[in-house]
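The values are calculated or read from the model by the stated rules, or taken from the named source; none is laboratory data. Everything numeric in this text was worked out from a predicted model, so none of it was measured. Note that each Cβ is placed from the backbone with ideal geometry, even for glycine, and that neighbours are counted across all protein chains shown. What goes into the accessible areas is simple: the full protein's heavy atoms, side chains included, and nothing from ligands, DNA or RNA. Shrake-Rupley method; radii C 1.70, N 1.55, O 1.52, S 1.80 Å.
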Amino acid sequence: MRVLPDEIAVVNVGLPMFAEAVRAQGGTVTHVDWRPPAGGDPDAVRALTRLAADPAIDTANAEVLRRLDTGVPFLTAVRRADEVVPGVAGRMLLHCGPAVDWAHACDPLRRSMRAATVAEGWAADVEEADRLLAGGDVRLEPANHHDMVVPMASAIGPSAPVLVVDLTPDDGSEPVRAFAPINQGPGEVPWFGRDTDAAIARLRLLRDVVGPALSAVLERSGPLDVLAVAAQGIAMGDDLHMRTQAATNLLVRSWVGHVAALPDDVRGPFADFLAGNHLFFLTPAMGAAKALTLWAGRVPGSSIVTSMARNGTTFGIRLPGSERWYTTAAPPVGEALYYSGLGPDDAAPDIGDSAVLELVGLGGPAAANSPAVAAFLGGSMADAAAATDAFRRVCVGSSSRFTLPAAGFAGTPVGVDLRRVVATGVTPRVTTGILAASSGQGQVGAGVATAPLACFVEALAALAG
């Protein structure tokens, strides 16, 4: 004779309503939030099954993760773009995201392109710049195709000063060199989608004063270990994407003596620029991240994403060993805080190359230690921790250099795995600024953009063959 137990414990898999019913009756229940992989899409499930059976992918992923986690990029110099960036010559502008022509460029990016065209001296004013750009007299190229990344709606001309970031691989292979612009700072600036006289003047200030001054500072200070500073910034509350104040302050402090040694006519304007630019460290971090992903991108057959960028029209990703972009429409910035009187109807879609930071353990993966980012994610540190945990679901490893004191000094998640993204339906969430859709007033807020799933599904199918 069988005797039923007085108490039972239930494990519920799938629909939470059954767990809730057991709990309501006083039962002990453990709920497992399970759902079919890839939302039950049979083509995606077949691709996942095929890729799961290939041990070569895990081997490639392990090497990609090692490179992302151990590479040491140094900021070594500041030079004109046409002196150092491969393929930059003549009337050419480098822009954020996948390729886009003038006809399909969003309003903030068009304004930035017009400002750059005037600053380069190709046009006398923005009206003439508009005619040149619309007529195809200025060549438009994705910065990523030239080993460069640019933030927000940046457009970089050949005379613009750029940061040179060098990485020496530990396997004796060819050195890696990546590039990023000098951050333009806050206010009336082209990277925020402004084409006013003040915005054009900022580009000229960077070219004529800030670039040469920064070059002189680096010559005195020597190469900068960018990610060593980034790691300190993370521990002090930065996420190194939306918030870079701590890392910027650390860097400026280390350079104070060298700034003081600049000539009188340069020292004041350069010091004023640094003092008013709390986002200065954003682009050195982006350049370092680009160097890591370029080195990791040399490993073929990996399912780890090594490019993730948006131009305000399209969102795209790339995989190691391939130049192919998998693209879909750029998403809105969903979880957002807007300036007074503004809202979603005033906002352009997600834009910029800065999502490269999320691929190396910065930005969203570091949210759990950043109270500033938590304000955009629900307001509590638990919300920020949930954002970091979402990255853990889709990443293959954890950083050994970026640790989060608020999370028990756990490393930030690193290595966004295409297979995990498609299987779970969880896509990267990118902390970012928000630009005006069409008014030309610049930044209108900040928030978190959720990467669209479609391009990941397409890339998975291509990898599976």
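Restricting attention to region 396-417 and to residues that are of a type in the set (Gly, Ala, Ser) and in contact with a strand residue (DSSP E or B) (Cβ under 9 Å, 6 or more places away or on another chain), the residue that is farthest from Met308 (Cα to Cα) turns out to be Ala410.
The single residue among Thr76, Thr70 that is in contact with a Leu (Cβ under 8 Å, 6 or more places away or on another chain) and hydroxyl-bearing (Ser, Thr, Tyr) turns out to be Thr76.
Counting the residues of region 377-423 that are hydrophobic (A, V, I, L, M, F, W, C), assigned to a loop (DSSP other than H, G, I, E, B) and open to solvent by 40 Å² or more (accessible area, probe 1.4 Å) gives 1. Among the residues of region 370-391, the ones that are in contact (Cβ under 8 Å) with a residue 24 or more places away in the chain, within 30 Å of Ala62 (Cβ to Cβ) and not aliphatic (A, V, I, L, M) come to 3 in all. Among the residues making up region 4-31, those that are in contact (Cβ under 8 Å) with a residue 12 or more places away in the chain, open to solvent by less than 100 Å² (accessible area, probe 1.4 Å) and not aliphatic (A, V, I, L, M) are Asn12, Gly14, Pro16, Gly27, Thr28, Thr30, His31.
Restricting attention to region 258-291, which residues are farther than 18 Å from Ile234 by Cα, in contact (Cβ under 8 Å) with a residue 60 or more places away in the chain and touching a helix residue (DSSP H, G or I) at 6+ places or on another chain (Cβ under 8 Å)? Residues satisfying the conditions are Pro269, Phe270, Phe273, Asn277, Lys290. Only one of the listed residues (Ala103, Ala116, Ala62) is touching a Gly at 6+ places or on another chain (Cβ under 6 Å), among the aliphatic types (A, V, I, L, M) and part of a helix (DSSP H, G or I). That residue is Ala116.
Here the condition is being open to solvent by less than 10 Å² (accessible area, probe 1.4 Å), under 26 Å from Met308 (Cβ atoms) and not acidic (Asp, Glu); of Val138, Val150, Val84, it holds for Val150 alone.
Could you count how many residues in region 220-251 are in a helix (DSSP H, G or I), more than 19 Å from Asp166 (Cβ to Cβ), open to solvent by 40 Å² or more (accessible area, probe 1.4 Å) and among the aliphatic types (A, V, I, L, M)? Total meeting the criteria: 1.
Checking Ala199, Ala124, Ala180, Ala129 one by one, the residue that is of a type in the set (A, V, I, L, M, F, W, C), outside any helix (DSSP H, G or I) and surrounded by 23 or more Cβ atoms within 10 Å (Cβ to Cβ) is Ala180 and no other. Residues in region 424-445 that are in a strand (DSSP E or B) and open to solvent by 10 Å² or more (accessible area, probe 1.4 Å): Arg429, Gly433, Gln443. Scanning region 136-171 for residues that are in contact (Cβ under 8 Å) with a residue 40 or more places away in the chain, farther than 24 Å from Gly321 by Cβ, part of a loop (DSSP other than H, G, I, E, B) and out of contact with any helix residue (DSSP H, G or I) (no Cβ under 6 Å at 6 or more places or on another chain) yields one hit, Asp137.
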